[in-house]
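Here the structure is laid out as structure tokens; the discussion comes afterwards.
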Amino acid sequence: MGDKCVPKVRFRGFSEEWERRRLKEIVDLCSGKDYKHLSEGNIPVYGTGGYMLSVDKALSYERDAIGIGRKGTIDKPFILRAPFWTVDTLFYAVPSDYENIDFLYDIFQKIDWRKRDESTGVPSLSKEAINEIEVIIPLSREQKKIGSYFKQLDDLITLYQCKCEKLKLLKEAMLDKMFPKNGQKIPEIRFRGFSGEWECRKLGEVVEFLDTRRKPLEGAKRVNGSYPYYGASGIVDYVEGYLFDEELILLSEDGANITDRNYPICFLASGKYWVNNHAHVLKTKQGNENNFICNSLERKEYSQYNTGMAMPKLNQEVCRNIPISCPSYEEQKEIGDYFRSIDFLIILNQHKYEKLELLKKAMLDKMFILERIEI
């Protein structure tokens, strides 16, 4: 390829060299404005974090643009579809008639905006600094082809992300309806054929604690391998060797997440894996189903069971006395299998959009002249 200014991968039919341009030559960079004097309407207002509210006027009625934060969040550009209004902490870049917005959006995503930060405190960008950024771009026809390709990838990524979020919301709603609320013995929704009250039992009556079989491994002593190494909130590493080879329930023993609940506190582990001493290992006794018990525990509030002082902790003896409502094994299995199917679909859609994100990253590296995007 020599010194020719061309990307590694191109669509068939394109051979012209790309040319170096300053952003001020290909976009009109405008500043957002205050919106508080406007009335409620159907024109979306955007800030650095995305959509905020809707008003009755627009800064741009016909031209799409690319939003980039001027203060605070400066490294997450996004496309603004007309009509729109933007706040004064946001710039919006309107492409010239000869440039493709979807192509330029991909360029904007690859620029290292942090290098353009002119502040000593809150990150900020100036119009002058943005305008002087040099990029290398092809002619309009090739821009349109590349922009269309990456827009299709973005649309698919968004589709699978939305499916994933909807399934998570469905799961949350059904967990609320398919388990009895506090003080009640019958859930709001049940599978056909089941009736009668659920029985209140103690956790120690439905599971066996296998904590004596777990073993912590200090970072320096871990040998990299293919077996998951579980901690309080999930997989934290992969190691050589395993302690367990069956599906079991893991319940966090300590950590801020016990009260903060930013991550799962109870989850299933299956196959061959290792567990450290930050998670209780539970094996259901006969007549109880793993995923039902796991979801029962995950939806509980644990502040009342916290025995830690500086760091939240769930003592094993306290855990044994946690009350848990249980129907028959047959109903447990129906409920457990239902939530397994939702979890499977969540993971499936998550894997799809993660693979698409990896594909997009790889193709951005091959279809753009990225090494010259920052001078």
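Along the range 296-303, what does the Karplus equation 6.51 cos²θ - 1.76 cosθ + 1.60 (θ = phi - 60°) give for ³J(HN,Hα), rounded to whole Hz, x for Gly and Pro?
4, 6, 5, 8, 7, 9, 9, 4
Dipole of the chain, Cα-centred, from +1 at each Lys and Arg C-beta and -1 at each Asp and Glu C-beta, to the nearest 20 debye?
260
Given the chain, what percent of its DSSP beta bridges are antiparallel, to the nearest 5? It would help to have the intermediate numbers written out before the result.
Values: 48 of 52 bridges.
Among the beta bridges of the chain, antiparallel pairing accounts for roughly 90 percent.
Below 8 Å between Cα atoms, with a sequence gap of 6+, how large is the relative contact order for the chain in percent?
17
List the residues whose amide H sits under 5 Å from the amide H of C5, counting only those 5 or more places along or on another chain, with H placed 1.01 Å from N in the peptide plane.
Counting only residues 5 or more places away or on other chains, the set is W18.
Which distance in Å, rounded to a whole number, links the C-alpha centroids of the range 77-105 and the range 146-191?
Each part's Cα centre sits 31 Å from the other's.
Restricting to the range 144-281, what percent of DSSP beta bridges are antiparallel, rounded to 5?
The antiparallel fraction comes to roughly 90 percent.
Take the Cα atoms of the chain, build their convex hull, and give its volume per residue in Å³.
It is 227 Å³ per residue.
Taking amide H positions as placed 1.01 Å from N in the peptide plane, with prolines and chain starts having none, which residues 5 or more places from T86, or on another chain, fall under 5 Å of its amide H?
The list, which skips near neighbours in sequence, is K33, Y46, L59.
How much of the accessible area of the chain, probe 1.4 Å, is carbon plus sulfur, in whole percent?
Here carbon and sulfur together make up 49 percent of the probe-accessible area.
Mind scanning K33/K110; K71/K360; K76/K127; K168/K202; K110/K145; K168/K300 and naming the pairs with a C-alpha gap bigger than 23 Å?
From K33/K110; K71/K360; K76/K127; K168/K202; K110/K145; K168/K300, over 23 Å: K33/K110; K71/K360; K168/K202.
The values are calculated or read from the model by the stated rules, or taken from the named source; none is laboratory data. On a predicted model such as this, the values are computed, not experimentally measured, just so you know. Note that each Cβ is placed from the backbone with ideal geometry, even for glycine, and that neighbours are counted across all protein chains shown. To get the accessible areas, we keep the full protein, side chains included, count just its heavy atoms, and leave off ligands, DNA and RNA. Shrake-Rupley method; radii C 1.70, N 1.55, O 1.52, S 1.80 Å.
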